[in-house]
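Data block below; observations after.
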Amino acid sequence: SKVWKLTTAAAIPYYTGKYANSKRGFGFVTIGANVDEFHAAADNTKRNVTKILNVQTEHMKEIVDENDFEIKSFIKALINELTIVTFIMVVLVIAIAVWMSNYITAKIEKLLIGTQKFANNELDYRIEVHSNDEIGRLEKSFNNMASKIKNLIVKQNELNEHLEEKVEEKTKELKLINEHLEEKVKEEVSKNRQKDMQLVQQSKMASIGEMISMIIHQWKQPLNAISMINSGIELRLKLNQNVNEDLQKDNEGIKKQIELMSTTMEDFRDFFKNKQKAVYPVDKAINKTINLINDIFKSLGVFIKYEAHDKSLQTLGYENELIQVLINILNNARDIIKEKNCKVKIIDLTLQEIDDNIIITIKDYAGGIPVEIISKIFEPYFTTKAEDKGTGLGLYMCKSILEKVDATIEVKNSLTIYENIEYKGASFKITLKKYKG
């Protein structure tokens, strides 16, 4: 081929070239520029390998096709089997569910029938138990509960019967007690009325005693004056002097004293009159009170200092009873001042209007009321005076009198400065309803 060739010796691992039919391990390899000749052995090998691969591929396809058919057949058979098994399982589950439902429903219906019969007072009814499962245990529990409830109801009925007998007995006893109690209440009411009447009577008698002592004191001065005038007349008559002019003067003096005594009698008579409820000025009642007791107070060195912020204030009630209340409180203040021989022998009495109410305040400087008894002083028969000097009814009657006209009285201890010195004393506050016309 006129192409330069390079020949060399080399190991030949397979039968190629001119040594194709030889088993020699070594031979000469010619390397030249003729590509076809150079690649002839490789091309032959390729063709051989390709042929072998094609044969194997065809064989593999046949095997795969056979396997695919078998797999598909197996899957189809498996699906059919699973479908049949699933259908059978569903049918079985439904059948079991229906059976269980009917079984449980029947058991529950038995329980419902049992509860209804028991509710209808068939206390001896019991459910028949045929199983030891949960429903059977529930039926047994129901039967046990029914037995216990029956026993309780029987006992309750027995107790009710016994209780009815006891109630009848107690009712009869209560009727007898009520009848007796009504009689006792009537007796006690009657006794309390009698006691109240006695309290009122005792209070009136105490007031009458006070009034009598005031009358005696009020009349003592004019009677002394009349006695002195009479003695002067007798002396002049004995001396045979010209007595006409003197008699006329003395007669005028006697008339004045008698008028004073008559005025005093009118005041005391008005005090004891049982008048109807009426509208009256409070300032006037206070002044009447002061006129009735002022001479006795002055004789003991006790002075009433009265201050009226509004003299036009009026209230609806009983004037003489308010006077009685004021006299009682003022007399108590006078007695404590006298008993303690207080340095300040003054009683402050004020009249004012606060929040559409009439307020009367009576305050002394005598040291106040002990804390342990201040809450008791309006109770009947409570007194700190000796038995011969007080009944313990005065302040109780004051409270009762004021309550009749919707008025109130209260007391507290207060501190007051007099001549730069602080004094403690009792302060009574009377609250009256203002009359607005």
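Using 0.36 nm per residue and subtracting the Cα-Cα separation, the extra length available between Met60 and Lys184 on full extension is 31.8 nm. For the residue pairs Lys311/Lys433; Lys298/Lys345; Lys343/Lys412; Lys277/Lys436, the C-alpha atoms sit more than 19 angstrom apart in Lys343/Lys412.
Multiply the residue separation of Ile75 and Glu165 by 0.36 nm, subtract the distance between their alpha-carbon atoms, and state the gained length in nm to one decimal.
Numbers: separation 90, 0.36 × 90 = 32.40 nm, distance 8.91 nm.
Between Ile75 and Glu165, full extension yields an extra 23.5 nm.
Taking 0.36 nm per residue of separation and subtracting the current Cα-Cα distance, fully stretching the chain between Gln276 and Val405 would add 45.2 nm. With both labels modelled 7 Å from their Cα along Cα-to-Cβ, the Lys412 to Asn157 distance reads 7.0 nm.
Every number here is computed from the coordinates shown, using simple stated rules; none is lab data. Remember, it's a predicted structure, so these values are computed and weren't measured experimentally. No Cβ is skipped: glycine too gets one built from the backbone with ideal geometry, and neighbour counts run over all protein chains shown.
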